[in-house]
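What follows is one structure encoded as structure tokens, with my remarks underneath.
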Protein chains: 2
Amino acid sequence: MDTTAARVVALDTYDIRFPTSRELDGSDAMNPDPDYSAAYLILRTDAADDLAGHGFVFTIGRGNEVQVTAIEALRPHIVGRTVDELCADPGAVSRDLTGDSQLRWLGPEKGVMHMAVGAVVNAVWDLAAKRQGKPLWQLLADAEPEWLVGQVDFRYIADALSEQDALALLRHGRDGRQARRRQLFATGYPAYTTSPGWLGYSEEKLTRLAKSAVADGFAQIKLKVGADLDEDIRRCRAARAAIGPGVRMAIDANQRWNVDEAVRWTNALAEFDPYWIEEPTSPDDILGHAAIRTAVAPVKVATGEHVQNRIVFKQLLQAGAIDVLQLDAARVGGVNENLAILLLAAKFGVPVCPHAGGVGLCELVQHLSMFDYVALSGTTEDRVIEYVDHLHEHFVDPVVIRNGHYTAPTAPGFSATMLTRSLTTYAYPHGEFWATDLAARPGGVDPTAEEVAA
Amino acid sequence: MDTTAARVVALDTYDIRFPTSRELDGSDAMNPDPDYSAAYLILRTDAADDLAGHGFVFTIGRGNEVQVTAIEALRPHIVGRTVDELCADPGAVSRDLTGDSQLRWLGPEKGVMHMAVGAVVNAVWDLAAKRQGKPLWQLLADAEPEWLVGQVDFRYIADALSEQDALALLRHGRDGRQARRRQLFATGYPAYTTSPGWLGYSEEKLTRLAKSAVADGFAQIKLKVGADLDEDIRRCRAARAAIGPGVRMAIDANQRWNVDEAVRWTNALAEFDPYWIEEPTSPDDILGHAAIRTAVAPVKVATGEHVQNRIVFKQLLQAGAIDVLQLDAARVGGVNENLAILLLAAKFGVPVCPHAGGVGLCELVQHLSMFDYVALSGTTEDRVIEYVDHLHEHFVDPVVIRNGHYTAPTAPGFSATMLTRSLTTYAYPHGEFWATDLAARPGGVDPTAEEVAA
């Protein structure tokens, strides 16, 4: 079939769950036992080369089926469209999905339905980048500023960022991009690692992993805090001793506190020189973050992995509530909304240090930071992408970390494609792993139900 | 079976959709063709009297199946519990559902998953009120302040409302409640009506319905605006002429505008003396509402039907962003979170004028306003509950409006129970109405898919 006439012929979904809770990987003060999961989709086309776009929402277990159902609700908007049309203007797809007035009622632009939009939009970008034969960061860095501005929905953010602002930022961002591209290939993009700091780890494991993070070239590590203050003091002391004074140590409360608690707890850990306090309180509390920031300086305030959309990020910036903006590739409405968020951050001069980890979030978000470095903010100063060494083996183009830096991906696409073998093994509840696991349990019960009842 | 030992034996769900888009009922600038729907649930018990708790999320059509799936994800938390335990402390149920760490990732506390929590929590309150043989407003008004405070989750709002604040407000609210209860039974609770103002209606229909609203005793009407300014000027002029200067006329933009647009458009309609401008911009934009409020005074700013939780309401109040708080019975996490919101409004002295209409929202929310009047704020001054004359015929205990006022319900429960006949007729897609309707279409296609493609 002629590529020009190729169409999307199916939107297939997969409920993929990894049994990570058994190792306490990913445990924190709010999330004691996550089963890292992906509500995964493939846009299949009838192109001769089997071109397909992949995307997903990261979840932590129960409810992954709700997220899959939400992705399926978007199917009529996509299936039947030509690949040409989708790839020429992902922004039109984004506006079409976000603007479905009946589905919009379920948000608007937040939670399950908005993340579903993000996954489909990201799959369209994966398709577009594969079709152009470029990694997504490169596609974005090569794009004309005018076209990129057309990819952004300025609704509800125009009071902080106009189209003219965006165009000026992108035009300025192009200066020197060839040199930065060479630099990116030479050294990569700085990373920090959360691997030592999960709450469920022993002090011995924490110390060992913190030392090896420094030895591996990471200039920043992160510790989970917020469950028990005495314990946090011990853990921060051990971590600081392990890494020495020259390495940054961030702490992360995963929304555990009220405003007053956040201030007291952070200040009680100040002697260990934390670089930032992450998610000190609800991601919805803009004014709360602003109050906390004033009270814990010089410790920086960071948030974003649960910030629902560009409108909340806009206000966090307007209110001077954050020092560090932690966008997430799969929380908001996809690449288009993240372009808006990167532009807002550039306008306000706030560094972006993306959230990653989970399933495939490192793979996705590196493209956004690398585009930002090459063609928007133009700097990696005080910027790091989170890195966690989990589950990369399930991806066709896994991230490559060298000397504490993300290596620039070169394979076409958004690095979103999971191995077929992983999809069939970890599909819930009928994939090989889960079928075997469930059959081995007393009565073969659904583990989700069992854990809730326990 | 002994009532004391009765348990919840099933959580049954229903995807109920009414074909309202065919009449343009409910049309506004953001929602041109809603099919009013309910993701409905019944908590069935093995009590001898067939005691059951009913709850639902209101949606406007497509995606109702996503909402149903989300409700089903909560089933393991509820089924098997004793009725005694659930009814003794709905707050514990609320915290349990909201606190499921894996499901929490899908929000947190917003969108599809949070509305699902709200529907289940509301069904538990329906169960509790039926069991006590009281309408819910009466159960709440009779409850001890200490118990009510225990029903509220102060997480993320304690900086604006402490437990001590709440207790003081509730103790003060009890003074004179017997007299207010008598007053409530005598005159009812003031209502306003949106029935004349849907965007799809002709000027003739608008004028006729506005006049008959005044004749029916309503002291306030509401018009949808925001699609076309010249048209809005014509419609506002016609409505003001129809109702005269002494009746309040609110206008509602359903989030159509950016901040600057909201200011310009509202001020362009100021000559018609609008009482409030509702949803001038995104419900997430706290700072935007504050800016709009300053710029459009003395026109009041109102929002809330899409405000996701108590944390955003807290900030709208802290920032002085709204004059009128429009809580919704089925948008947030149920009665418990609405208690928090009523308490916040009382603390800040902002009147609550609930959003209603849709499917069953009038039935639910009257209980919250009546409790507020009898035992919390103690006043109906500048307070009105929205009223729309749609779909009440599907409820066992429909609202009763007399002389522009909601009559106090007396039947036990939360007025949430739909007629079994309505459930079987409008279940999508296999209920009698939809099965017939779909069969009559060319090819018997799914109407949802067809409308999206059109």
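Give region A:309-319 a look and list any residue that's surrounded by fewer than 24 Cβ atoms within 10 Å (Cβ to Cβ) and either assigned to a loop (DSSP other than H, G, I, E, B) or not assigned by TED's automatic domain parsing to the domain that holds residue A:386 (or both), or say none.
Answer for region A:309-319, where residues must be surrounded by fewer than 24 Cβ atoms within 10 Å (Cβ to Cβ) and either assigned to a loop (DSSP other than H, G, I, E, B) or not assigned by TED's automatic domain parsing to the domain that holds residue A:386 (or both): just A:319.
Run residue B:421 past the list (1) part of a strand (DSSP E or B); (2) free of Cβ contacts under 8 Å to residues at least 24 places away in the same chain and report the number of the one that doesn't hold.
(1)
Would a scan of region B:289-308 turn up a residue that is away from chain A (no Cβ under 14 Å), under 23 Å from residue A:160 (Cβ atoms), under 20 Å from the mean Cα position of the chain (by Cα) and surrounded by 23 or more Cβ atoms within 10 Å (Cβ to Cβ)?
Looking for residues that are away from chain A (no Cβ under 14 Å), under 23 Å from residue A:160 (Cβ atoms), under 20 Å from the mean Cα position of the chain (by Cα) and surrounded by 23 or more Cβ atoms within 10 Å (Cβ to Cβ), one finds at least one in region B:289-308, hence yes.
Filter region B:209-261 for residues that are out of contact with any strand residue (DSSP E or B) (no Cβ under 9 Å at 6 or more places or on another chain), of a type in the set (Lys, Arg) and farther than 20 Å from residue B:30 by Cα and give the result.
B:237, the sole residue that qualifies.
With of a type in the set (A, V, I, L, M), out of contact with any strand residue (DSSP E or B) (no Cβ under 6 Å at 6 or more places or on another chain) and without any contact (Cβ under 8 Å) to a residue 12 or more places away in the chain as the only criterion, which of B:116, B:158, B:141 stands out?
Result of the check over B:116, B:158, B:141: B:158.
Look at region B:19-61 and say how many of its residues are modelled with pLDDT of 90 or more and basic (Lys, Arg).
Result for region B:19-61: 1.
Which number in (1) surrounded by 22 or more Cβ atoms within 10 Å (Cβ to Cβ); (2) more than 27 Å from residue B:16 (Cα to Cα); (3) touching a residue at least 60 places away in the same chain (Cβ under 8 Å) marks the one condition that residue B:102 misses?
(3)
Condition check ((1) under 22 Å from residue A:172 (Cβ atoms); (2) touching a residue at least 40 places away in the same chain (Cβ under 8 Å); (3) basic (Lys, Arg)) across all residues:
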{"site": "A:326", "(1), (2), (3)": "no, yes, no"}
{"site": "A:332", "(1), (2), (3)": "no, yes, no"}
{"site": "A:336", "(1), (2), (3)": "yes, yes, no"}
{"site": "A:341", "(1), (2), (3)": "yes, no, no"}
{"site": "A:344", "(1), (2), (3)": "yes, yes, no"}
{"site": "A:350", "(1), (2), (3)": "yes, no, no"}
{"site": "A:368", "(1), (2), (3)": "yes, yes, no"}
{"site": "A:378", "(1), (2), (3)": "yes, yes, no"}
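Go through the residues of region B:390-410 one by one and say whether even a single one is within 17 Å of residue B:22 (Cβ to Cβ) and out of contact with any Leu (no Cβ under 9 Å at 6 or more places or on another chain).
yes
Inside region B:255-288, can you point out the residues that are at the interface with chain A (Cβ under 10 Å from one of its Cβ atoms) and at positive phi?
Hit for region B:255-288 is B:255, nothing else.
Considering each residue of region B:402-424, count those that are out of contact with any strand residue (DSSP E or B) (no Cβ under 9 Å at 6 or more places or on another chain) and over 25 Å from residue B:118 (Cα atoms), and give that number.
Selection size over region B:402-424: 2.
Take residue B:107 and decide whether it is within 14 Å of chain A (Cβ to nearest Cβ) and in contact with a His (Cβ under 7 Å, 6 or more places away or on another chain).
Yes: the conditions hold for residue B:107.
Of (1) at pLDDT 95 or above; (2) within 14 Å of chain A (Cβ to nearest Cβ), residue B:424 satisfies all except one. Which?
Exception for residue B:424: condition (2).
Are any residues in region B:320-340 away from chain A (no Cβ under 14 Å) and either in a helix (DSSP H, G or I) or of a type in the set (Asp, Glu) (or both), and if so, which ones?
B:323, B:335, B:336, B:338, B:339 - these are the residues of region B:320-340 that are away from chain A (no Cβ under 14 Å) and either in a helix (DSSP H, G or I) or of a type in the set (Asp, Glu) (or both).
Name, by its number, the condition in (1) more than 20 Å from residue B:313 (Cβ to Cβ); (2) within 22 Å of the chain's Cα centre (by Cα) that does not hold for residue B:152.
All conditions pass for residue B:152, except number (1).
The values are calculated or read from the model by the stated rules, or taken from the named source; none is laboratory data. Because the structure is predicted, anything quoted here is derived from the model rather than measured. Reconstructed Cβ throughout: ideal geometry from the backbone, glycine too, with neighbour counts over all protein chains shown.
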